[in-house]
Protein chains: 2
Amino acid sequence: MVFTVMLSLPAASRDGHATAFHDALFTAVSAVCVTGLTTVSTALHWSFFGQLVILTGIFVGGLGILTLASLMSLMVSKRLGVRGKLIAQEAMNAGRLGEVGTLLRIVISTSVAIEAALALVMAPRFLVLGETLPQAIWHAAFYSISAFNNAGFTPHSDGVVPYEADLWILVPLMVGGFIGSLGFPVLMVLLATGFRFRKWTLHAKLTVQVSLLLLAAGAVLWGAMEWTNPATIGNMDVGDKITHSIFASVMTRSLGFNLVDMNSMHSSTMMLTDALMFVGGGSASTAGGIKVTTLAVMFLAIVAEARGDNDVKIYGRTIPQGTMRVAISVIMMGATLVMIATGLLLAISGQSLDRVLFETISAFATVGLSTGLSAELPPSGVYVLCAMMFFGRVGSITLAAALALRQRRQLYHYPEERPIIG
Amino acid sequence: MVFTVMLSLPAASRDGHATAFHDALFTAVSAVCVTGLTTVSTALHWSFFGQLVILTGIFVGGLGILTLASLMSLMVSKRLGVRGKLIAQEAMNAGRLGEVGTLLRIVISTSVAIEAALALVMAPRFLVLGETLPQAIWHAAFYSISAFNNAGFTPHSDGVVPYEADLWILVPLMVGGFIGSLGFPVLMVLLATGFRFRKWTLHAKLTVQVSLLLLAAGAVLWGAMEWTNPATIGNMDVGDKITHSIFASVMTRSLGFNLVDMNSMHSSTMMLTDALMFVGGGSASTAGGIKVTTLAVMFLAIVAEARGDNDVKIYGRTIPQGTMRVAISVIMMGATLVMIATGLLLAISGQSLDRVLFETISAFATVGLSTGLSAELPPSGVYVLCAMMFFGRVGSITLAAALALRQRRQLYHYPEERPIIG
Ligand SMILES: [K+]
Ligand SMILES: [K+]
């Protein structure tokens, strides 16, 4: 709310006039939820002060999410009994956590260290491109914070499109966004155990594997589907086509920068992007969506079913039934939210389903890729998208934590009876 | 395949020319899978012989599905151990089943009895409307078989639209379709125990309750969303509006007749219809979709999770974990199939997402409501829809049965470890 008020101030806008309430609210929510959708151009509408407010919103929002989610994971792990606690401590053992203060300190120091490293890589490039030193530092800082927190805001009016062949900029963005999307528990495991895969927690193994798999599959499919589309990458040389495909796939994990116009993509590519965005990134990360581990657990349950196993097993571990039910709840909640919001926005905007669905999922998964619909919506539609960003951001985290905390013991069981399925 | 060949014959078409292979194949698949989607008008394109072939296809297809699905449910129940077997026998106790012959006989006699009753109700109405006796009998037989088997084929070129205010016709159609959509196991329970709800099997309780719930919710929402749409029911009086709403809701369960043009509905209403069609009817019925019990089991799992229960409980029974995993598999398979087919058809047709998604889900759930896209598609698109109808029809039944049969005992368990979800 503070950010909304500050963005409403005349000083925040470039032309010195106060910004309309729904635009200020939308931008503030978008920044704090690290979404990156905008109703007004970040570069053209906001003054330096306004952009600073946005960047602070991203920084605070990103830290808040990381801390909140990590805290909740800790709380959940405290309820797991002795063995569960040991495993959870293993996941977090890098810092011998247990207190909020310690956790917060580790989150901040890790985030700032990664962001500083990214900024150091990018700043020289902006200097080379002819910017002044303060400008270069400002842009490098903005992009590194925006990338690591998966925010997708950009201080240039054309976004990252001018750098579409500039790997010096694109690679740090992709690496920062990807690392950020893995989530804090995974980063801790990586820092503590390095690349010794066998020592990782189950959560880290699943998150990294599924993220890489989605990244590769997304890039290959995106490239194949857009290969000959002259409105996007059809007329580029092979190297640029591959860069674009990989970049597009990373962005759905939920960074949200774009190199091509989303409206120019084939409808089928938009659907692919919808699906990738809906899945999103890792748990307790700045990425949104239903999370890659949720998808992994569902997939493993199906594999177990197909093999006729009673337990859902992977890497010598059994995934408990309760976890599976949390996964079902998160997916169903996500699908229901997206369906309701899409229905509302269809009625409000009168736009085609593919654009509305794209924007809704982009907001739900806090991705920020846009067909430009956000900027065209009347205030009522803007509020719907605000609500989607908010619920998409904190909804699944709190839902999952609340559910996991409510597990209770039973003293008796009813007899089993199975309804016929399918 | 026999039906495809027979429909390809010159004698089957009204103008005496052989029908193109993909049209004949599509119509045959649509009839045998009791879908009701068409690429050519049933009334205008086909001769009486052709229509008879279609009706025979519906009759044989409907019986085949009922028998196959009931058989598989029986096979599954045989694997359940003594208690499970007792419960399954209770579900089927009307006929002391156990042999294919007996089962088939019961299925046929029940189907024919219900179809005859429906035809007896409708035939006089067609006579009153000025048809000759043979015509009236033919139409009554066609509609009753088409309705009970949830096929949605119609022998009139305008479908049931001329009868849009004729409750004498609409009510038998709705009742027949709804009874057919409950599925054979539920019908048996109803015949055996009447309306004594407490004596029903869990499967019957869930199926009837969820079906009625979806029916009511669908009618209310459909009515509310289209109430003021002049292209559909906006200009009608209140009674007709209500009739239309209830009819539209029943049709998604998956009969597939239509009173209003699907293209005239709001996009949000199309999405509502998509969702209702995707769920479909009861297990081991002629209705398609992922089935109401699948939805019920998922919902109960979420409720159990929200309440912190370890067991998924309802009506004093526990739903086993295996059943939940079958439900997950069926839903994921359905969603994946719909997504792939929608992507393919978007690329093939270049049409808007809402129409393509609608037609794909209509084919998958063998509903047969149509925006007319089927008739516009090139042969490659027609084959995609054929495949969807086929997999939608037999896929979920066989998948669920195969999965349920593959349950196996385990001698050891791995330690539990829970990845972070959401
Ligand atoms: K984002
Ligand atoms: K049908």
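So here's what we get for this one:
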{"quantity": "Per-region count, the stretch B:137-183, residues part of a helix (DSSP H, G or I) and either within 16 Å of ligand 1 (Cβ to nearest atom) or of a type in the set (D, E, K, R) (or both)", "calculated": "0"}
{"quantity": "Tally of residues being more than 7 Å from every other protein chain (Cβ to nearest Cβ) and in a loop (DSSP other than H, G, I, E, B) across the stretch A:273-284", "calculated": "3"}
{"quantity": "The stretch A:222-235: number of residues that are in contact with a His (Cβ under 7 Å, 6 or more places away or on another chain) and not in a helix (DSSP H, G or I)", "calculated": "2"}
{"quantity": "Qualifying residue in the stretch B:178-191 (condition: more than 27 Å from B:TYR315 (Cα to Cα) and within 16 Å of ligand 2 (Cβ to nearest atom))", "calculated": "no"}
{"quantity": "Complete set of residues in the stretch B:14-39 that are within 16 Å of ligand 2 (Cβ to nearest atom), assigned to a loop (DSSP other than H, G, I, E, B) and not aliphatic (A, V, I, L, M)", "calculated": "B:CYS33, B:THR35, B:GLY36, B:THR38, B:THR39"}
{"quantity": "Residues that are of a type in the set (A, V, I, L, M, F, W, C), under 28 Å from B:ALA296 (Cα atoms) and touching a residue at least 40 places away in the same chain (Cβ under 8 Å), drawn from the stretch B:336-375", "calculated": "B:LEU337, B:VAL338, B:ALA341, B:LEU357, B:PHE358, B:ILE361, B:ALA363, B:PHE364, B:ALA365, B:VAL367, B:LEU369"}
{"quantity": "In the stretch A:370-381, residue surrounded by the fewest Cβ atoms within 10 Å (Cβ to Cβ) [restricted to those that are away from every other protein chain (no Cβ under 13 Å) and of a type in the set (S, T, N, Q)]", "calculated": "A:SER380"}
{"quantity": "Only listed residue being part of a helix (DSSP H, G or I), aliphatic (A, V, I, L, M) and in contact (Cβ under 8 Å) with a residue 60 or more places away in the chain, chosen from A:ALA287, A:ALA204, A:ALA219, A:ALA248", "calculated": "A:ALA204"}
{"quantity": "Subset of the stretch A:16-51 (residues that are touching a strand residue (DSSP E or B) at 6+ places or on another chain (Cβ under 7 Å) and of a type in the set (Phe, Trp, Tyr))", "calculated": "A:TRP46"}
{"quantity": "Count of residues meeting criterion [over 30 Å from A:GLU164 (Cα atoms) and hydroxyl-bearing (Ser, Thr, Tyr)] in the stretch A:99-129", "calculated": "2"}
{"quantity": "Residues of the stretch B:224-240 satisfying the condition of being surrounded by fewer than 18 Cβ atoms within 10 Å (Cβ to Cβ) and not hydrophobic (A, V, I, L, M, F, W, C)", "calculated": "B:THR228, B:ASN229, B:PRO230, B:GLY234, B:ASN235, B:ASP237, B:GLY239, B:ASP240"}
{"quantity": "Residues located in the stretch B:280-311, provided they are within 30 Å of B:GLY61 (Cβ to Cβ) and either within 16 Å of ligand 1 (Cβ to nearest atom) or among the charged types (D, E, K, R) (or both)", "calculated": "B:LYS291"}
{"quantity": "B:MET188 in a helix (DSSP H, G or I) and within 14 Å of chain A (Cβ to nearest Cβ)", "calculated": "yes"}
{"quantity": "Members of the stretch B:251-272 that are within 14 Å of chain A (Cβ to nearest Cβ) and assigned to a helix (DSSP H, G or I)", "calculated": "B:MET262, B:ASN263, B:SER267, B:SER268, B:THR269, B:MET270, B:MET271, B:LEU272"}
{"quantity": "Leading residue by the ranking (farthest from ligand 1 (Cβ to nearest atom)) among those in the stretch B:16-43 that are on the phi > 0 side of the Ramachandran plot and either within 14 Å of chain A (Cβ to nearest Cβ) or under 20 Å from the mean Cα position of the chain (by Cα) (or both)", "calculated": "B:VAL34"}
{"quantity": "The stretch B:305-332: number of residues that are within 8 Å of chain A (Cβ to nearest Cβ) and assigned to a helix (DSSP H, G or I)", "calculated": "14"}
{"quantity": "Filter result for B:ALA306 (surrounded by fewer than 22 Cβ atoms within 10 Å (Cβ to Cβ) and under 17 Å from the mean Cα position of the chain (by Cα))", "calculated": "no"}
{"quantity": "The one condition in (1) closer than 26 Å to A:ALA69 by Cβ; (2) within 14 Å of another protein chain (Cβ to nearest Cβ); (3) at pLDDT below 80 that A:PHE391 fails to fulfil", "calculated": "(3)"}
{"quantity": "Among (1) farther than 13 Å from B:GLY177 by Cβ; (2) within 16 Å of ligand 2 (Cβ to nearest atom) - the single one B:PHE153 does not satisfy", "calculated": "(1)"}
{"quantity": "Any hit, the stretch B:252-266, residues being crowded, with 24+ Cβ neighbours inside 10 Å and more than 16 Å from ligand 2 (Cβ to nearest atom)", "calculated": "yes"}
{"quantity": "Residue that is nearest to the other protein chains (Cβ to nearest Cβ), among those in the stretch A:333-369 that are outside any helix (DSSP H, G or I) and surrounded by fewer than 23 Cβ atoms within 10 Å (Cβ to Cβ)", "calculated": "A:SER352"}
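The values are calculated or read from the model by the stated rules, or taken from the named source; none is laboratory data. Quick caveat, the model's predicted, so the values are computed rather than measured. As a convention, Cβ positions derive from the backbone with ideal geometry for all residues, glycine included, and neighbour counts pool all protein chains shown.
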